[in-house]
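Take a look at the structure below.
The numbers here are math on the coordinates, done by the rules we state, and not lab data. Predicted model only: the values in this text are computed from it and were never measured. Positions of Cβ are generated from backbone atoms using ideal geometry, with glycine treated the same way; all protein chains shown enter the neighbour counts.
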Amino acid sequence: MRSLKTTSDPTVRQCSNCGAGMERHQDWCLECGTAAPGRLGGARPGWRAATTTLALTLVLVGGAGAASYAALSSDANREAVADAPMDGTPVAQVPPAVAAPPAPVVPAPAAPGAPAAPGTPAAPGAPGTPARGVRVPTVTSPALKLPVAPKVIPVAPADATPTPRVKVPARPTAPAGKPGSDDTAAGSRGQGTNADGEGTAVDTPLKRIALAKGAVSLYDPYKRAVAPGNPGLAHDDDAKTAFEVGAPANGKELQVGVVIDLKSVTRVRGVEITTKTPGGRVEVYATDSSALPPDILDTRWDHPASRANVDGGTRGGNRAADGVERIILPKAGAKYRYVTLWFTTPPTGTRRVGLTELEVLG
């Protein structure tokens, strides 16, 4: 049980709540904690603490909000300062696109001697005009201040002469001549580079051109030769030996031959063959090229002559069925390095050609 302090001393006060004695300068009751009369409205210490806590909380919340707002404002200011140039130069604005001025119309040059239309500038190439084209003045874009490169429009001078076109001869698609036809007409030639021979009379006696050993060889660019013999037997001065070659029986022409290498460019006026297989067709090709053309359609070959029905007629002073056929080249021939006998239509009743002897005539 709590003791109550009572006294008649006027300097001693009593607690209004519990009646305990309080000194004159004492603000709080030591027994129950009640404030002395006139101190904080006499409120109890529990309410005072709650009020104080609430006030401090409101102050802290308000301070935190103010600090957050200040931080956000500071960040925005720093970003704005970072985007701006450090020296205070304003940001350049991209100017709008400006359409290029249209190119000036350049009139076509008038024909030589024709009067110019009123207001028409003099054509380039006229006296006193050194330029060969029309120069468009330099145009400067007002927005970008960038110079535009001048355009030069070439104009042909009024007295210019057009370059002539060079006609390239077409590549033959097949050997010239048709099966069954006779000699090539005089002066007819292939796609070679030689001009017709000249300076030799037609009636000048022909002579045999000496051939080196191994000058005669098989010419088989299309790999059609069947069981070819020794080409050297066609030029060995022995009537008992012969060179033979065949081709497949597939309905096509023979398309095989022999080539004679003269070793140097020599005038050729004709060829003479001795055969044991009359009939058929032989064509003469020749070239002055230092290299043998790889196939019979090569444009380096000349095709000066051909003969159908070999040893079967009297064309060119020949006698039928004597085993010899002489073919004279037109216009006294020309100078060649290689001469080829090209067999197309096969002889009568066989797919093989037999040459006993052959000669090149000059």
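Its residue count N sets the reference 2.2 N^0.38 Å, and the alpha-carbon radius of gyration of region 241-289 equals 1.40 times that reference.
Extending 7 Å from the Cα toward the beta-carbon at both residue 250 and residue 299 defines two label points whose distance is 2.9 nm.
Modelled spin-label separation between residue 226 and residue 350, with each label point placed 7 Å from Cα along the Cα-to-Cβ direction: 1.3 nm. Please list log₁₀ I(q)/I(0) at q = 0.08, 0.15 Å⁻¹ for region 216-361, using the Debye equation with identical point scatterers on the alpha-carbon positions. These q points yield log10 I(q)/I(0) values of -0.19, -0.71. Extension gain for residue 238-residue 72 works out to 47.8 nm (0.36 nm per residue, less the C-alpha to C-alpha distance). For the residue pairs 207/276; 276/335; 252/335; 207/252, the alpha carbons lie more than 28 Å apart in 276/335; 252/335; 207/252.
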